[in-house]
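Structure first, commentary second.
The values are calculated or read from the model by the stated rules, or taken from the named source; none is laboratory data. This is a predicted model, so every value here is computed, not measured. In this analysis, Cβ positions are derived from the backbone assuming ideal geometry, glycine residues included, and neighbour counts consider all displayed protein chains. For the accessible areas, the whole protein counts, side chains as well, though only heavy atoms, and no ligand, DNA or RNA atoms are used. Shrake-Rupley method; radii C 1.70, N 1.55, O 1.52, S 1.80 Å.
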Amino acid sequence: MNPREKFLNRLGIRHPIVQAPMAGVATPQLAAAVTDSGGLGSLGIGASSTVQAREMIEQTQALTSGPINVNVFCHQPAHRDVDIETAWLEHLAPLFAEAGTELPDSLSEIYTSFTEDGHTLKMLLELKPAVVSFHFGLPSAEYLEAFKKAGICTMATATSPSEAAKIEKAGIDVIVAQGIEAGGHRGMFNPDATDECLSTSVLVRLLASQTSLPIVAAGGIMDGYAMNAALKAGATAVQLGTAFILCPESSANQAYREALKSDRAAETRLTKVLSGRPARGMVNRLISFGEAENSPRPADYPVAYDATKRLNAAASKRGNHEFAAQWAGQGAPLARELPASELMALILKESQD
C-alpha cells in the first residue's frame, strides 16, 4: 500500500481532497456534502463557543456517517496594549462615523485559544470526529496524547519547514502545507516572525525532502489540474477552501458571493488590518485605509478583529460591505458556483483528464 492509500484508509475517505475548515464559512451541510462525495469535510470552530461547536459537529454527524475534520485555533493569547488599541480605534474613527455608529471605548479578545480551552477539548474527546486539526500553532503534549488515546487523527498547519519540524516532533499525524497563495488566516506559529512567503509548490517540495509524514497541500488549488500538480510535487492530498465558498452549502452572504464573482476576486491582499494576524482577503476600503501610509499598527489578534466585526456589523445594515472580511486565495477568479457534490465530481474529472 502506497503512502496515499495509507492516508485515505486512515481517514476513511476515497479521494485525496480536504475541504478547508474556513471558520465562519464552512457549515455542517458543506462538510457533509464533501464527505459524502468521498473527500474530507471540515468545520472551523475557532470562532465558536464550546456549545456552538458541539451543535455544529453533532449536526454534521447527523448528516453524514463519514469522517469529518474539526479545526481549532492554537494562537498565543493576545498581548494587550492599551496605547496600541486606542491608537488603532482612533485611526478607524472616520470609518465608524461613516457606518453611523459610535467608536467603541475599548476592544475585547473575542476568541479563546484552544490551548486554554479544556471545555472544548472534553467535548471533542466525547464526540470523536475522525480528525482534529490545529491552526496558528500546537496544543500541549497532554492534549495531543488525549487525542491519540481516543483514536483521533491529528493534522496541523505549517507555513515553513521549521514549523513542519515542530509538528513532526510533537507526534502529529499529518502536516498541512499552507502556501502563500492561500486565502484566510496564515497559520504561522508566530505572526511577527520573518515569513519567507513560500509558495505551495515550493513548500511541498521542501517538506517532501525532510519528512515521511503525509503532506496536505493548501493554497491556490482550485481545480483538478492544480490538484494533480500538487500531488506530483509530493503532496499526499490537497486542501481547497476558496473553491468551495460559492457552493450553496457555504454560509457566505450575498455580498461576499458577489465580490467573489466580480473583478474584485483578482486582487487579494495578505494583511494584518482585518484581524491583527496575517490573512488573505479581497481588497476593500478597510484594508486600503488600514494600510495607508503612516497608519498605526493594528491591535493584536483577535482584538483587532473585534473592531472589524463591530464596524462591519454597523456598515452592513446600511448596505455597505466595504469593511467585511471576505477571505479568498490568489486563485479566487477560478471559483465555480456549484453544489459541493457537483464541484467535487468536476474536480475529480479534471484530475483524470
Which one is farthest from F114 (Cα to Cα) among residues in region 41-63 that are of a type in the set (V, I, T) and surrounded by 18 or more Cβ atoms within 10 Å (Cβ to Cβ)?
T60
Selected residue (criterion: farthest from Q59 (Cα to Cα)) from residues of region 79-133 that are charged (D, E, K, R) and not in a helix (DSSP H, G or I)
D81
Could you please find all residues in region 274-313 being crowded, with 18+ Cβ neighbours inside 10 Å, in a loop (DSSP other than H, G, I, E, B) and of a type in the set (K, R)?
R277
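Quick one: is T268 of a type in the set (S, T, N, Q) and open to solvent by less than 10 Å² (accessible area, probe 1.4 Å)?
Details: of a type in the set (S, T, N, Q): yes; open to solvent by less than 10 Å² (accessible area, probe 1.4 Å): no.
So T268 does not fit the description; no.
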Here the qualifying pairs (Cβ atoms under 6 Å; residues six or more apart or on different chains; first in region 88-112 and open to solvent by less than 20 Å² (accessible area, probe 1.4 Å) and among the polar types (S, T, N, Q); second in a helix (DSSP H, G or I) and modelled with pLDDT of 95 or more) come out as none
Could you go through region 314-331 and let me know if any residue there is outside any loop (DSSP other than H, G, I, E, B), touching a residue at least 12 places away in the same chain (Cβ under 8 Å), under 21 Å from the mean Cα position of the chain (by Cα) and surrounded by fewer than 21 Cβ atoms within 10 Å (Cβ to Cβ).
no
Within region 23-40, residues surrounded by fewer than 24 Cβ atoms within 10 Å (Cβ to Cβ) and within 15 Å of the chain's Cα centre (by Cα) come out as A23, G24, V25, T27
Could we say that V18 is farther than 25 Å from A324 by Cβ and exposed (fewer than 14 other Cβ atoms within 10 Å of the Cβ) here?
no
Residue pairs qualifying under the 7 Å Cβ cut-off, at least six apart or on distinct chains, with the first in region 129-151 being in contact (Cβ under 8 Å) with a residue 12 or more places away in the chain and under 20 Å from P21 (Cα atoms) and the second being open to solvent by 30 Å² or more (accessible area, probe 1.4 Å) and assigned to a helix (DSSP H, G or I), are L138/K166; P139/T115
What is the residue count in region 116-128 for residues that are open to solvent by 20 Å² or more (accessible area, probe 1.4 Å) and in contact (Cβ under 8 Å) with a residue 24 or more places away in the chain?
7
Do you know which residues across region 214-248 are farther than 24 Å from E337 by Cα, touching a helix residue (DSSP H, G or I) at 6+ places or on another chain (Cβ under 6 Å) and of a type outside the set (V, I, T)?
P214, A233, G234, A235
